[in-house]
1. State which residue is nearest to CYS72 (Cα to Cα) when the search covers only segment 85-100 and only residues that are at pLDDT 75 or above and open to solvent by 40 Å² or more (accessible area, probe 1.4 Å).
2. What are the residues in segment 4-58 that are at pLDDT below 85, part of a loop (DSSP other than H, G, I, E, B) and surrounded by 10 or more Cβ atoms within 10 Å (Cβ to Cβ), if any?
3. Quick check on my filter: what residues within segment 59-91 are at negative phi, part of a loop (DSSP other than H, G, I, E, B) and of a type outside the set (Lys, Arg)?
Amino acid sequence: MSDETVRFGVLCSMYQAILRDRTSAKKRKRFRTFLDKVYPSRDYFSAVRLILPSLDRERGTYGLKESTLAVCLVDALGIARDSEDALRLINWRKGGSRAGANAGNFALVAYECIHR
């Protein structure tokens with residue numbers, strides 16, 4: 001796998017595995033294994049950009065806050081703007097009986113809406 005073809009799922013799997021590891025030594029070992037297997041050329045720059053985006057000074061921010069991202073998701077998924085899922089995404093911060101337990105957590109609200 002070259003630096004340009006690292007599948008997003010591979011990266012997500014590595015993050016999930018690191019979350020389950022208890023000690024920092026195990027986390028470091030798992031991350032080292034990931035780098036060695038996925039980046040055999042030892043060009044880790046793209047991996048570090050994905051892992052630490054706040055430290056990437058080479059390119060600017062995308063300017064996508066949760067509200068803009070919610071509208072983009074609604075449009076990209078073809079969800080009617082007045083549907084329950086679209087309203088939950090756009091109003092992800094708001095609680096209430098229809099908002100669900102994850103109100104206030106954009107990632108979890110988006111997952112619930114996309115998963116359906």
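The values are calculated or read from the model by the stated rules, or taken from the named source; none is laboratory data. Everything numeric in this text was worked out from a predicted model, so none of it was measured. We place every Cβ from the backbone using ideal geometry, glycine too, and count neighbours over all the protein chains shown. We work out accessible area using only protein heavy atoms, side chains counted, and drop any ligands, DNA or RNA first. Shrake-Rupley method; radii C 1.70, N 1.55, O 1.52, S 1.80 Å.
1. Within segment 85-100, the subset at pLDDT 75 or above is 85-94.
Those still in the list that are open to solvent by 40 Å² or more (accessible area, probe 1.4 Å) too: 87, 90-91, 93-94.
Values: LEU87: 13, ILE90: 10, ASN91: 14, ARG93: 17, LYS94: 19 Å.
Of everything passing the filter in segment 85-100, ILE90 is nearest to CYS72 (Cα to Cα).
2. Residues satisfying the conditions are VAL6, ARG7, TYR39, PRO40, ASP43, TYR44, ASP56.
3. Applying the first criterion (at negative phi) to segment 59-91 yields 59-62, 64-77, 79-91.
If we keep only those that are part of a loop (DSSP other than H, G, I, E, B) too, we end up with 59-62, 64-65, 79-83, 91.
Selection gives GLY60, THR61, TYR62, LEU64, ILE79, ALA80, ASP82, SER83, ASN91.
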